[in-house]
């Protein structure tokens, strides 16, 4: 019988942090509840109180990622609110928050979107994705009310913005921070002005 303790303060957070490190270093296939328990110094049964199996761990990790990303987007909006920014500055702030998260945690972002598209993804995950898109949608709707963004379905515009940022982050992997920030400014300007000739 194991002489390792069953309890470990905030074991759930410890397991998630360790799982995220493993995910970044070795990919999702390397994740094991038994190995995470060993690293945390608890019995192999202890993680079962928080995650019934590896899939539940992956779902929790993805959900935690979306919650952190949402917090980063909300903080970017809060800072722009305090500065009285216009829609372009708002969008650039959101873009920097999203791309910054994506470049800092690419393996986690991949997992987040993989689990989101899974047929058995928990409802909480869909709600977290909805909250993230709502932050972008609110910015688009406010820009339309201010006359700074063209009329049209704000949901379609928000989806376009979110898709563009996600694609930009994927293409920017490995680039320098300076190049990413400059390129991101160009992308946001193109989103605001469109592709048509002036």
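No value in this document is a laboratory result; all are computed from the given coordinates. As the structure is a computational prediction, the values presented were derived from the model and not from experiment. When we count neighbours, we look across all protein chains shown, and the Cβ atoms used for this are built from the backbone with ideal geometry, even at glycine.
Tabulated data for the structure shown
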| read-out | value |
| --- | --- |
| Shape category assigned to the stretch 79-144 from the gyration tensor of Cα positions, a/c cut at 1.5 | oblate |
| Helix-only [θ]222 nm of the chain, DSSP H runs n ≥ 4, -39500 (n - 2.57) each, per residue, nearest 500 | -24000 deg cm²/dmol |
| Cα-based shape type of the stretch 127-169, given that a ≥ b ≥ c are square roots of the gyration tensor eigenvalues and the cut on a/c is 1.5 | oblate |
| Efficiency of FRET from Cβ geometry, residue 138 and residue 52, R₀ 41 Å, rounded to 0.05 | 0.70 |
| In nm, spacing of pseudo-spin labels at residue 181 and residue 78 (7 Å Cα→C-beta vector) | 2.2 |
| Those residues of the stretch 153-175 whose amide nitrogen sits under 12 Å from the label point placed on residue 131, 7 Å along Cα→Cβ | none |
| Inter-probe distance in nm under a simple model that places probes 7 Å from Cα toward Cβ, at residue 85 and residue 151 | 2.8 |
| Cα gyration tensor shape for the stretch 57-185, rounded if a/c is under 1.5, else prolate or oblate | oblate |
| Separation in nanometres of the label points that stand 7 Å from Cα toward Cβ, at residue 164 and residue 45 | 5.5 |
